[in-house]
Amino acid sequence: MSTPSLPDTAVGLGAKIGRYFSVVSILPALFLTVWTVALIASGAWKSRPNLSTMTDSLGKWSLAGAAWVILGTVVAALFLHPLQLGMTRVLEGYWGRSRFARAALRRRIAHHRKRQANLRRKQQRWLIQRNKVLDELLREAYEEKRSRNIRTTDPDRWTSATRDEHRDAMLETWRAANLGGLQSALDSVPRALARYPDAARMMPTRLGNALRAGEDSIGSQYGLSTMTTASHIAFIAPEVQLNYLRDSRQQLDTSVRLCVVALIASAESVAAMVTDGWWLCGALVPYFFAYIAYRASVAAADEYMAVARTMLDLNRFKLYESLHVKLPRSSTEERRANTKLMALLGGDDEVTMTYKHPAAGTPSTGAAPPTPPGTP
C-alpha cells in the first residue's frame, strides 16, 4: 500500500472540513507553506541561499516534519479562507477612499480608458488595412475573369452589403492567406473590448473590468439588472445549473487566492534575499506565478459571467412566475414590464404593478390541488 503524498494528505484533511474549503484554500496555502519551508531550509534568512543545504534538509524529512508542514498548511488555509472576499475585492480594484487610493484609482482607470480607446482605433485601422487588401484582391480576380471572357460584375458597381459579402468570401480563399495574422488580430479585439464596461463605470484592474462588464451587460437586453435579480435566480434555478455556477466561481476564487499567496511568497523572498545579490531574482519565480494566476482569474471571471448570463436567460420566465408577474408576450413588452419590476425590487415604493396569481394547485401557490370529481 503506497504512502499518500503531502498534497494528497493536505487536501484530504481539508476535505474533512468541506469540499469548497479543500480545493480553494488548501492548495494555495500548501504552495505558500512549501515555499516558506524551502526558504528556511536553504538558509536564506541567515545568509545566501544554499541549494545543497536545502536539498539535504528536505531529503531528511521525518514524519513529524511532514506533520508540521501539513499543520502549517491547514492553519494558513484557515486564516486565508475568510479573507477570500476581501482578496477578490482588492484585485477587482476596490482600494478605499484615502488620498493615495484615489490617486492610484485615477491613474489606473485612466490607463484602462486609454487602452479601450486604443483598441478601438487599432480595430478601425486594421479593418481599413484588411479591406484595402481585399479590395485589391477582388479587383485582381475581376480583371482575371475579364481576361478569360468570363461574365462578372464590376466591383465598383457593388453595394456596400454586396462588397462585404465578397470580402468575406475572399477571406476564405488562398489569395487572402497573407491576411491571416491581420484577421486574427481583428478577431481578438471584440473579445478584449467586451471585458470593458462603459467609460463612466471603468475599474482600475482587468479583473474588476471583466466582472463589471458582465454585471452591466447580463440581462440588459431584457431590461433586467444582474445585481438586483442574482439572489432571486439562485433560489429558483435547478441544482445542476447552480452546481455549474459554483464550479465556475470556485475556479475564480482559486485563481485569486493563488495570485495573492504567490505575491506573499514573492514579498517573503525579497525580505529574505534582499542583500544576497543575484539570488534576489529568485523572488521573480513566485511573482511569475502570481501573474499567471491573475490572468487565469480574468479568464475565470469571463467563464463565471458567461454561466451567470446563461442562467438568467434560462430562468427569467421562472422568475416572473415566482414573483406572480404576468408573462410577457414579446421582447418589447418584457423590457417595458421589467423597467417597473427592477424599480420595485430596488425599493421604489411608488411603482405600481398588476400581479397575476396562478390557479390553486400549481407549484407557485403552494396550495393543495383540488380533488377531482368522483374521487373517494
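Note on exposure: Met342, Met227 ranked by accessible area (1.4 Å probe, complete protein assembly) read Met227, Met342, with the most exposed listed first.
Taking the alpha carbon gyration tensor of the stretch 103-160, multiplying each eigenvalue by 5 and rooting it gives semi-axes of 45, 9, 4 Å, largest first.
With the Kirkwood sum run over all distinct C-alpha pairs, the stretch 36-149 has a hydrodynamic radius of 21.4 Å.
Computed from point charges on the beta carbon alone (+1 for Lys and Arg, -1 for Asp and Glu), the dipole magnitude for the stretch 197-289 about its Cα centre is near 100 Debye. Dimensions of the stretch 139-192 along the principal axes, based on C-alpha atoms and rounded to the nearest Å, stand at 45, 23, 12, largest first. Farthest towards the positive end of the charge dipole of the stretch 70-223, among the residues Leu171, Phe79, Ala210, is the Cα of Phe79, using unit charges on the Cβ of Lys, Arg, Asp and Glu. Computed from the alpha carbon positions, the gyration tensor of the chain leads to an equivalent ellipsoid with semi-axes of 47, 40, 22 Å, biggest first. Considering only Cα atoms, the convex hull volume of the stretch 53-111 works out to 147 Å³ per residue.
Within the stretch 129-276, the proportion of C-alpha pairs whose separation exceeds 24 Å stands at 63%. Subtracting the Cα-Cα distance of Gln250 and Ser52 from 0.36 nm times their residue separation leaves 67.5 nm of extension gain. Backbone geometry of the stretch 190-195 corresponds, through the Karplus equation with coefficients 6.51, -1.76 and 1.60 at θ = phi - 60°, to 3J(HN,Hα) couplings of x, 5, 5, 5, 5, 7 Hz, x marking Gly and Pro.
In plain terms, the bigger the Kirkwood radius, the slower the diffusion; for the stretch 242-341, with that radius from Cα pairs, at 37 °C and 0.692 mPa s, Stokes-Einstein puts D at 194 µm²/s.
The values are calculated or read from the model by the stated rules, or taken from the named source; none is laboratory data. These figures come from a predicted structure and were not determined experimentally. In this analysis, Cβ positions are derived from the backbone assuming ideal geometry, glycine residues included, and neighbour counts consider all displayed protein chains. Just the protein is used for accessible areas: all its heavy atoms, side chains included, with ligands, DNA and RNA removed. Shrake-Rupley method; radii C 1.70, N 1.55, O 1.52, S 1.80 Å.
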